[in-house]
Every structure is written in C-alpha cells, then in structure tokens.
C-alpha cells in the first residue's frame with residue numbers, strides 16, 4: 001500500500017502539508033558569476049495538513065499513522081522563495097502551509113517528498129510546488145485574527161508547533177549525561193563511517209568494540225543514491241552523542257538497527273513533527289538526555305554547546321572533543337562553524353571531522369596541533385548540495401590538514417576512514 005504522497009500522485013490530487021523549515025542549503029556552483037542565480041534546497045519537516053489537531057498530535061506522539069509525517073525538499077532561488085512566500089526574512093523555525101501537485105500538472109519549483117516508513121524516509125516522490133503560505137515564526141507574539149480559512153490552518157500549525165517543543169522530561173540532563181559518559185573507556189580510534197551523504201562516527205577500543213557514537217546519520221530520501229549498497233547496517237546500542245537535530249545526522253534512528261535502543265545525548269532545540277516523534281519516543285523510554293548550555297566533561301569526552309542566534313540547528317548544537325588512548329584529540333563539530341567552538345574545547349586538535357560534510361563555513365578553520373593533521377570529510381558522491389566545497393577544502397589544506405573522504409574520490413574507493421591511534 002502506497003503512502004498518502006504516492007496515493008495523491010496516482011489520483012492526481014494535491015498534497016497539503018503543515019511544514020517547519022529546518023534547513024536552507026545553497027547548491028553552490030562556484031563557476032557562476034551571479035551568486036543570486038544559485039538555487040537553494042529548502043528542506044522541511046512536515047505533517048499531512050488534512051487532519052484535526054487531535055489527529056496531528058496523536059501522529060507526532062506515534063499513537064496514530066506515522067506515515068502521515070513527511071520530509072520535503074523544494075528547489076528554487078532564495079529570491080524566488082521570498083517572492084512566493086512574501087516573507088521579509090527566511091530563517092529556520094518558520095512554519096508554512098504548502099500545497100504540492102504531481103510533477104507535470106503545471107510549471108513551478110521542483111519538489112521531492114517522502115513519508116515516514118519502517119526504515120525511515122526512503123521513498124522519493126517527485127512533485128511541483130503549487131502554493132506556499134508563510135504562517136508564523138517560532139517566538140512570534142500572539143497573532144491577530146485573520147479570515148476563517150487561514151485562521152483554521154494557522155491554528156492547526158500553532159498546535160503542532162507547540163507540541164514539537166523538546167520533551168520537558170529530558171531537559172537539564174547535563175549531569176546525567178556526564179554520569180553516563182564517565183564510565184566509558186578511552187577509545188583507541190574513531191571510525192568515520194561511510195554512510196553516504198550523512199554523518200555517523202563510532203569510537204572503538206583496540207578490539208573494535210563500539211564505545212559510543214558521534215551522530216547517527218543515514219542519507220535522507222533525496223540523497224538515498226549516495227548510501228552504501230551493503231546490507232543494512234547494524235551497530236551496538238551504546239550512547240549516541242547527537243550534534244544537532246538535522247535528518248542527515250539522526251536518520252539512523254529509523255534506518256540503522258541498534259540505534260533506537262541507545263541512550264541519546266542531544267542539544268535542546270526546537271523540533272519539527274518527525275524529529276519530535278524521535279525525541280518523544282526516546283524520552284518516554286528514558287533514553288534522551290538534553291543538554292541546554294552546560295559543558296560536559298567525562299572520561300575521554302568534552303562536550304560544549306555552540307551559542308549563536310536560536311533557531312539555527314547547525315550552529316546551536318553540540319561540538320565534541322575526544323581524547324584517544326594515544327593522548328591525541330579529535331574535534332567533531334557536526335555542521336557548526338569552527339569559530340563557535342566553546343573555550344573549554346578550543347585546544348588545537350590532532351584530528352578533525354570536517355564540519356558540514358566539507359561545505360563552506362564562516363570564519364577560519366581550526367589549526368592542527370603541531371601544524372599538521374588528518375581531516376576526514378563524511379560526504380556522499382553525487383549529493384544534491386555540491387559538497388564538498390573547493391573553497392572549504394582549500395581552507396583546510398592551507399591550515400595544515402591533509403584530507404581524506406568517505407566517498408570515492410581521486411581514485412580512492414569509498415569506505416570507512418579512521419582517526420587515530
């Protein structure tokens with residue numbers, strides 16, 4: 001049986017979604033003279049709009065049909081997106097009502113959507129954007145009354161947004177996170193796993209036993225082609241340290257066997273409907289430890305919270321420093337800029353997992369201890385963003401980092417890469 005998305009395509013019906021903007025990623029073509037001509041991938045965490053508030057809240061809580069949750073990617077220029085939405089400023093954490101049509105029905109920006117299945121967001125349904133209406137931003141003051149139809153849609157979206165707050169029972173768990181991590185042995189090395197266009201690293205001992213995971217990513221539907229063709233990955237249910245609530249860093253909860261049973265240490269951030277389902281399931285099972293602002297130092301690990309304007313998932317997450325048995329250190333930033341490293345984690349590392357899959361970043365790259373070191377880029381060949389950026393790779397090289405990639409590149413086959421000993 002098809003999802004509500006494929007059913008709509010087959011019957012040539014429109015698809016309506018309540019959507020939270022979680023990411024806007026420029027598809028950088030460094031050969032273009034006019035930067036405004038670069039298209040942007042606008043990505044949303046969404047839920048089927050054709051339901052009541054009670055039905056929507058039950059779905060988010062995983063007490064109803066979870067396949068009515070979906071992720072969505074819309075491809076257009078930043079200028080055209082602002083024109084379509086009539087929003088003065090476009091930023092993460094904004095909520096929209098979006099109507100999509102089957103591809104070929106009419107012209108418009110291309111879109112791709114995927115509903116939540118047993119293995120995560122795997123299908124990739126091609127659509128076209130028919131209409132997108134900006135509703136509100138998180139943190140807005142109470143909104144003035146509007147027409148009945150728009151008011152109903154906005155009320156539904158506001159009820160969903162309120163339900164998508166980080167689970168209260170999991171907030172303020174820095175001490176619990178420290179207690180959990182304090183019993184972990186010092187790792188021999190860290191495996192940067194070849195998971196295509198995603199982020200998933202595991203610290204291991206001298207026998208290869210997993211001690212903890214850094215992120216838990218697997219390619220989302222529109223980058224599924226970058227995933228490994230090997231049998232479905234299975235890992236140990238050791239603690240997961242999540243840098244931020246972006247799907248290419250947490251999709252393994254659904255797609256990788258073992259991760260749903262792990263305890264997750266994660267930043268307290270605002271969530272979309274699908275991410276809230278994951279957070280709520282973990283919280284109910286006492287497997288979610290939310291870190292708000294406190295640094296966590298325990299055993300071989302130091303965790304710090306990046307601090308910039310709230311709402312940006314990439315730049316408000318956790319960064320991690322790992323000390324190996326050799327005494328060397330690894331810096332893991334997730335998708336955050338290096339300049340946001342908290343002071344307690346700012347000593348020069350021996351190894352680094354390149355931030356944001358080798359995409360462009362603001363500020364300077366961190367320098368390696370001793371003037372040279374190894375940086376691994378976790379990236380999938382043929383991804384939809386153009387990662388890695390030539391400029392970002394050049395910045396790492398200039399700073400003294402030698403570069404290795406998890407994807408096939410420069411005649412080196414794709415595969416896991418290792419940091420340490």
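The values are calculated or read from the model by the stated rules, or taken from the named source; none is laboratory data. This one's a predicted model, so the numbers in the text were calculated from it and none came from an experiment. Quick reminder, even Gly has a Cβ in these numbers, built from the backbone with ideal geometry, and neighbours come from all protein chains shown.
Scanning the stretch 205-223 for residues that are crowded, with 19+ Cβ neighbours inside 10 Å and out of contact with any helix residue (DSSP H, G or I) (no Cβ under 8 Å at 6 or more places or on another chain), we see that the one that is nearest to residue 265 (Cα to Cα) is 214. Given the structure, is residue 299 at positive phi and touching a residue at least 12 places away in the same chain (Cβ under 8 Å)? Yes: the conditions hold for residue 299.
Here is a check on your reading of the model: is residue 398 surrounded by fewer than 18 Cβ atoms within 10 Å (Cβ to Cβ) and farther than 17 Å from residue 304 by Cα? Yes, satisfied. Among the conditions (1) touching a residue at least 24 places away in the same chain (Cβ under 8 Å); (2) farther than 27 Å from residue 27 by Cα; (3) touching a helix residue (DSSP H, G or I) at 6+ places or on another chain (Cβ under 8 Å), the only one that residue 256 does not satisfy is (3). For the residues 363, 358, the requirement of being closer than 22 Å to residue 321 by Cα, surrounded by fewer than 16 Cβ atoms within 10 Å (Cβ to Cβ) and in the same structural domain as residue 316 (by TED's automatic domain parsing) singles out 363.
If the condition is being surrounded by fewer than 21 Cβ atoms within 10 Å (Cβ to Cβ) and not in a loop (DSSP other than H, G, I, E, B), then the stretch 175-185 contributes 175, 176, 178, 179, 180, 182. With respect to residue 35, is the statement that it is out of contact with any strand residue (DSSP E or B) (no Cβ under 7 Å at 6 or more places or on another chain) and at pLDDT below 95 true? The answer is yes for residue 35.
Within the stretch 311-358, the set of residues being without any contact (Cβ under 8 Å) to a residue 60 or more places away in the chain and under 20 Å from residue 45 (Cβ atoms) comprises 315, 356.
The rows are residues; the columns are (1) at pLDDT 95 or above; (2) outside the structural domain of residue 230 (by TED's automatic domain parsing); (3) surrounded by fewer than 17 Cβ atoms within 10 Å (Cβ to Cβ); (4) part of a loop (DSSP other than H, G, I, E, B).
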position	(1), (2), (3), (4)
141	no, yes, yes, yes
145	no, yes, yes, yes
149	no, yes, yes, no
152	no, yes, yes, no
158	no, yes, no, no
187	yes, no, no, yes
190	yes, no, no, no
194	yes, no, no, yes
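Within the stretch 348-364, how many residues are more than 21 Å from residue 250 (Cα to Cα) and either touching a strand residue (DSSP E or B) at 6+ places or on another chain (Cβ under 7 Å) or in a helix (DSSP H, G or I) (or both)? Residues that pass the stated criteria total 3. Which members of the stretch 228-252 meet the condition of being touching a residue at least 40 places away in the same chain (Cβ under 8 Å) and under 14 Å from the mean Cα position of the chain (by Cα)? 241, 242, 243, 244, 245, 246, 247, 248, 249, 251, 252 - these are the residues of the stretch 228-252 that are touching a residue at least 40 places away in the same chain (Cβ under 8 Å) and under 14 Å from the mean Cα position of the chain (by Cα). Would you be able to say whether some residue in the stretch 343-351 is in contact with a helix residue (DSSP H, G or I) (Cβ under 7 Å, 6 or more places away or on another chain) and crowded, with 21+ Cβ neighbours inside 10 Å? The answer is yes, given that some residue of the stretch 343-351 is in contact with a helix residue (DSSP H, G or I) (Cβ under 7 Å, 6 or more places away or on another chain) and crowded, with 21+ Cβ neighbours inside 10 Å. Out of the residues in the stretch 236-258 that are touching a strand residue (DSSP E or B) at 6+ places or on another chain (Cβ under 6 Å) and farther than 21 Å from residue 321 by Cα, which is surrounded by the fewest Cβ atoms within 10 Å (Cβ to Cβ)? Checked the stretch 236-258; the qualifying residue surrounded by the fewest Cβ atoms within 10 Å (Cβ to Cβ) is 257. When residue 391 is tested against (1) within 17 Å of residue 25 (Cβ to Cβ); (2) in a loop (DSSP other than H, G, I, E, B), exactly one condition is not met: (2). In the set (1) surrounded by fewer than 17 Cβ atoms within 10 Å (Cβ to Cβ); (2) at pLDDT 90 or above; (3) within 30 Å of residue 55 (Cα to Cα), residue 283 fails one condition alone, (1). Restricted to the stretch 55-93, and to residues there that are crowded, with 22+ Cβ neighbours inside 10 Å and out of contact with any helix residue (DSSP H, G or I) (no Cβ under 6 Å at 6 or more places or on another chain), the residue that is farthest from residue 224 (Cα to Cα) is 92.
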